[in-house]
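Step one of this worksheet: look at the structure below.
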Amino acid sequence: MLEMVQAINGTHLSRLAALGVPAEQRVAVTCETCHRGVSRPVPLRALLLATIDSAGVDAAVARYGELRREYFGSAAYDFGRGTLTAVAERLLGQESYQAAVTIMRLELEQTGEDMRTLLTLGNAEVRAGQRDAGRKTLERALAVAPENAKPFVQRQIDRILQP
């Protein structure tokens, strides 16, 4: 890894000077660039999916809580809106519908309501056989959607609720 850092800085990024980039705008790669304070630089999404595969969704939820308590506010992991949604979308693709519901409820609890979160949760609920809950969640998605997105959201709802 040290050789890689030296190669990036010495070979690739050193070309910035030749391209006329002022010194104050040039960047350098360090260990922190990738590791962000953790020994093994694994994105949160990948870590949670691996935990779900090996120990189940409840273990992943617990791991998320541990990591959030320890690292929230640092650059170690992305706890922002959308990280858990990406995990749930992967789970939906694997037909792990109830696990997707669990992850999306965690996303909703952590980041609040927004159109994408509610659409994904509603979709997961419907696929998990929780059609009434899914319909209510999808109605909330439509309610919080910006006016210019409402036609898109309605088409998504119609697609999700097809028999």
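The values are calculated or read from the model by the stated rules, or taken from the named source; none is laboratory data. Not measured: the values here are computed from a predicted model. Cβ: placed from backbone, ideal geometry, glycine included. Neighbour counts: every protein chain shown. The protein model used for the area step is the full one, side chains on, heavy atoms only, and it has no ligands, DNA or RNA in it. Shrake-Rupley method; radii C 1.70, N 1.55, O 1.52, S 1.80 Å.
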Open item on the list: If a residue must be crowded, with 24+ Cβ neighbours inside 10 Å and in contact (Cβ under 8 Å) with a residue 24 or more places away in the chain, how many such residues does region 122-143 contain?
Closed with: 5
- [ ] Run Leu67 past the list (1) of a type outside the set (Lys, Arg); (2) in contact with a helix residue (DSSP H, G or I) (Cβ under 6 Å, 6 or more places away or on another chain); (3) at pLDDT 80 or above and report the number of the one that doesn't hold.
- [x] (2)
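Based on this model, can you work out whether Ala62 counts as of a type in the set (A, V, I, L, M) and without any contact (Cβ under 8 Å) to a residue 12 or more places away in the chain?
The answer is yes for Ala62.
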- [ ] Find all pairs meeting these conditions: Cβ atoms under 7 angstrom apart; at least six residues apart or on different chains; first residue within region 107-121 and open to solvent by 10 Å² or more (accessible area, probe 1.4 Å); second residue among the acidic types (Asp, Glu).
- [x] Thr120/Glu89
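Taking the condition open to solvent by 60 Å² or more (accessible area, probe 1.4 Å), assigned to a helix (DSSP H, G or I) and among the basic types (Lys, Arg), does Arg63 pass? Before the answer, list the steps.
Numbers: open to solvent by 60 Å² or more (accessible area, probe 1.4 Å): yes; assigned to a helix (DSSP H, G or I): yes; among the basic types (Lys, Arg): yes.
Spelling it out, Arg63 is indeed open to solvent by 60 Å² or more (accessible area, probe 1.4 Å), assigned to a helix (DSSP H, G or I) and among the basic types (Lys, Arg).
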TODO: Give me the pairs, please: first residue somewhere in region 22-39 and closer than 17 Å to Ala75 by Cβ and at pLDDT below 75, second residue anywhere and basic (Lys, Arg) and part of a helix (DSSP H, G or I), beta-carbon distance under 6 Å, and either six or more positions apart or on two chains.
DONE: none
Task: Filter result for the condition that a residue is farther than 17 Å from Arg159 by Cβ and among the hydrophobic types (A, V, I, L, M, F, W, C), over Leu142, Leu91 - done: Leu91
